[in-house]
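One structure is given below, encoded as structure tokens.
The values are calculated or read from the model by the stated rules, or taken from the named source; none is laboratory data. As the structure is a computational prediction, the values presented were derived from the model and not from experiment. Please note: Cβ atoms are built from the backbone with ideal geometry, for glycine as well, and neighbour counts cover all protein chains shown.
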Amino acid sequence: MKKQMMIPAFAMMLFFSVSCGNSSSKEEKLAAGDYYTCTMDPEIHQDKPGDCPKCGMKLVLKSSISADSTKMQMPVDSMKMPADSMKMPADSMKMSM
């Protein structure tokens with residue numbers, strides 16, 4: 001009977017020690033240069049998550065890794081238009097009355 005009581009007690013103790021014992025959070029893992037900011041008030045910089053003191057919105061993590069390094073790069077000439085693409089046909093300039 002004691003063994004039957006010990007197994008659930010041990011399982012509960014193990015569960016709580018794993019779930020509650022891990023005190024590391026995002027704010028402790030911030031890299032140098034990372035901070036939390038508000039999307040509406042970008043001048044707000046804080047070292048932990050929370051709400052913006054100006055507008056009350058949730059602060060978001062701003063990483064020191066540049067956003068450009070994660071974006072795909074397009075070739076520069078992929079957005080060029082042909083030189084005559086904006087040319088109007090000659091007869092479209094005539095006015096009718």
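From the list Ser66, Ser85, Ser92, exactly one residue is more than 30 Å from Pro42 (Cβ to Cβ) and either at pLDDT below 65 or within 28 Å of the chain's Cα centre (by Cα) (or both). Which is it?
Going through Ser66, Ser85, Ser92 in turn, just one is more than 30 Å from Pro42 (Cβ to Cβ) and either at pLDDT below 65 or within 28 Å of the chain's Cα centre (by Cα) (or both): Ser92.
Say we look at segment 23-50 and pick out the residues that are charged (D, E, K, R) and surrounded by 13 or more Cβ atoms within 10 Å (Cβ to Cβ); which of these is modelled with the lowest pLDDT?
Glu27
With respect to Cys20, determine if the residue is out of contact with any His (no Cβ under 9 Å at 6 or more places or on another chain) and either part of a helix (DSSP H, G or I) or modelled with pLDDT under 75 (or both). Don't jump to the end; show me each part of the working.
Working: out of contact with any His (no Cβ under 9 Å at 6 or more places or on another chain): yes; either part of a helix (DSSP H, G or I) or modelled with pLDDT under 75 (or both): yes.
Here the answer is yes, as Cys20 does meet what is asked.
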